[in-house]
Amino acid sequence: MADQKIRVAVIGASGYTGGEVIRLLLEHPGVELAFLSAERNAGATVGSVHPWLRNHPRAGSLTLRPLAQLAEVGPVDVAFGCLPTGTLPEQLPLIADNAKRVLNLGGDFRLRDGDDVRTHYPRTAANPPSEDFAYYIPELSPEVPQERFISLPGCMAVTTIYALYPMFAASLATDRVVVDAKTGSTGSGRGGGEPHAERSGNIRVHKLHGHRHAPEVQQAIADLTGAAVDLRFSTHSLDVSRGIMVTAYTELRDGVTALDVKRAYAKAYLGKPFVRVRPAPKAAQDFPMLKAVVGSNVAEVAVAVRGDQCVAVAALDNLIKGAAGQAIQAMNLISGLDETTGLPTTAVSP
């Protein structure tokens, strides 16, 4: 497939994530945008729904269509599922009939434990898929999945996994983990509905217990490293549009040194173009920060050790590395392209 255009459908093209998939794919040299779906905005052009895309030369010719018309364009190679949580399970049969592969950016098919699915994704529990979804993290999963259905991790979940994975892959930490995750307003989606006046100039609690990304992190760490982590996971809302910062606290096992930790992080992300380990941060600006990653498909990670206490910090753009960018990275790998194709590595600031 590397020598021909990948025919792509974006399902749920009117949301923030769908719009970001479109924005990135408009500049991807190996992709044909064959179908863009949106129910309420059917018939509208991409530029009218996403004004930040309206000056692209192709934006005026791309029209959003009802999902029911997907069959009219012929089979697509990849369908990006960008639908709100709970929507994809009901639409999956139609999508699966017309797409060779489905890359799911939503949460519906990430968890395997039945109780967790019923708790966090009840509509998924009521509409189980006909085939299993492979859970895929491009940098960390042991191989490129061959399954037709693939789920990408949640934005706060994958940020946390980047922060924690080296510790448990090298068996450096005890099982108790405390995570504080902070996210921008786009994490709630375009229909989040929180008034600007309540978010502006404010930092507030989002969820202190029971966030649906917590069992996802535990499942992923267990799958990747064999460790069963005892995770305390709390989330907060930031007064920014985009970006996630995670701070993860662990306790080192007896005999583990700061050098062991440094080596584990360097080894874990060696040769991974989109996960950058910050070298021996000494000042505040040396650590991961949103201004260094927002607008890019890069996650920054750093770690600091004092005695037996370890603090890892990770930051990324929730709409790119936490969603659209990592999905395109996965598409590139699955399709035999260089994983960096069409993906930005520099941030946008101020």
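Per the Debye calculation on the range 241-288 with a single equal scatterer at every Cα and no solvent contribution, log₁₀ I(q)/I(0) for q = 0.20, 0.22, 0.27, 0.28 Å⁻¹ amounts to -0.93, -1.08, -1.27, -1.27.
Among the GluC sites (Glu not before Pro) within the range 118-168, which fall in a DSSP loop and have no more than 10 other Cβ atoms within 10 Å of their own Cβ? Write out the running numbers ahead of the final one.
Numbers: sites: Glu131, Glu139, Glu143, Glu147; in loops: Glu131, Glu139, Glu143, Glu147.
Within the range 118-168, the qualifying GluC sites (Glu not before Pro) (loop, at most 10 other Cβ atoms within 10 Å) are Glu143.
Using a probe of 1.4 Å, the accessible surface attributed to Leu333 totals some 50 Å² when neighbouring protein chains are kept in position. The alpha carbon radius of gyration of the range 168-247, expressed as a multiple of 2.2 N^0.38 Å, is 1.28.
Averaging the Cα positions of each part gives two centres, and for the range 290-313 and the range 264-288 these lie 7 Å apart.
Provide the per residue accessible area, probe 1.4 Å, for the range 196-272, rounded to a whole number of square angstrom.
On the way: 4200 Å² over 77 residues.
Solvent-accessible surface per residue comes out at 55 Å².
Figure legend: label point modelled 7 angstrom from the Cα of Arg204 along Cα→Cβ; residues of the range 224-251 with amide N under 20 Å from it are 234-245. Number of Lys-Lys pairs in the chain with C-alpha atoms under 25 Å apart and a separation of 8 or more places or on different chains: 22. Normalised by 2.2 N^0.38 Å, where N is the number of residues, the alpha-carbon radius of gyration of the range 207-246 equals 1.37.
The Kirkwood radius of the range 248-350, taken over pairs of alpha-carbon atoms, gives through the Stokes-Einstein law at 10 °C and 1.306 mPa s a diffusion coefficient of 108 µm² s⁻¹. In this rough spin-label picture, where each label sits 7 Å from Cα along the Cβ direction, the Asp260-Arg232 distance is 2.3 nm.
For trypsin sites (Lys or Arg not before Pro), the sites in the range 22-71 that DSSP calls loop and that have at most 14 other Cβ atoms within 10 Å are Arg40, Arg54, Arg58. With each label modelled as a point 7 angstrom along the Cα→C-beta vector, the Val144-Asp132 pair spans 2.1 nm.
Can you figure out the FRET efficiency of Asp239 with Thr345, using R₀ = 25 Å and their beta-carbon distance, to the nearest 0.05? Numbers along the way, then the final one.
Details: r = 26 Å, r/R0 = 1.05.
In this case the efficiency is close to 0.45.
Taken one residue at a time, the phi angles of the range 176-186 give Karplus couplings (6.51, -1.76, 1.60, θ = phi - 60°) of 7, 10, 10, 10, 10, 10, 10, 9, x, 5, 5 Hz. Gly and Pro are set to x.
Need one number: the % of Cα-Cα pairs in the range 30-177 sitting beyond the 21 Å mark.
Values: 5986 of 10878 pairs.
The share of Cα pairs beyond 21 Å in the range 30-177 comes to 55 percent.
Computed over the range 140-293, the range of Cα coordinates on each principal axis works out to 49, 45, 30 Å, biggest value leading.
Report, in cubic angstrom per residue, the convex hull volume of the C-alpha atoms of the chain.
Numbers: hull volume 47.2 nm³, N = 350.
For the chain, the hull spanned by Cα atoms encloses 135 Å³ per residue.
Taking the centroid of alpha carbons for each part, the range 85-135 and the range 198-238 are 21 Å apart.
Could you work out the per residue convex hull volume over the alpha carbons of the range 56-96, in cubic angstrom? Show your work: numbers first, answer last.
Details: hull volume 4.3 nm³, N = 41.
Taking the convex hull of the Cα positions in the range 56-96, it is 105 Å³ per residue.
Note on the range 98-160: Cα-only Rg and Dmax are 12.0, 34 Å. Per-residue extension of 0.36 nm, minus the Cα-Cα distance of Glu32 and Ala197, leaves a gain of 55.4 nm for this segment. Backbone amide hydrogens, once placed in the peptide plane, bring Arg7 within less than 5 Å of Glu32, Asp77, Val78, excluding anything fewer than 5 places away on its chain.
In this entry, the range 1-97 is assigned a mean projected area of 6.1 nm², taken as a quarter of its C-alpha convex hull surface. Surface composition of the range 207-350: carbon and sulfur make up 53 percent of the accessible area, probe 1.4 Å.
Loop only per DSSP, at most 16 neighbouring Cβ atoms within 10 Å: give me the trypsin sites (Lys or Arg not before Pro) in the range 260-333, ordered by residue number.
Details: sites: Lys262, Arg263, Lys267, Arg276, Lys282, Lys291, Arg306, Lys321; in loops: Lys282.
Within the range 260-333, the qualifying trypsin sites (Lys or Arg not before Pro) (loop, at most 16 other Cβ atoms within 10 Å) are Lys282.
Here r is the Cβ-Cβ distance between Lys5 and Ala68 and R0 is 30 Å; the resulting FRET efficiency, rounded to 0.05, is 0.75.
Multiplying the residue separation of Val311 and Arg112 by 0.36 nm and removing their Cα-Cα distance gives an extension gain of 68.7 nm.
The values are calculated or read from the model by the stated rules, or taken from the named source; none is laboratory data. Source: prediction; values computed, not measured. Every residue, glycine as well, gets a Cβ built from its backbone with ideal geometry; the counts of neighbours run over all protein chains shown. To get the accessible areas, we keep the full protein, side chains included, count just its heavy atoms, and leave off ligands, DNA and RNA. Shrake-Rupley method; radii C 1.70, N 1.55, O 1.52, S 1.80 Å.
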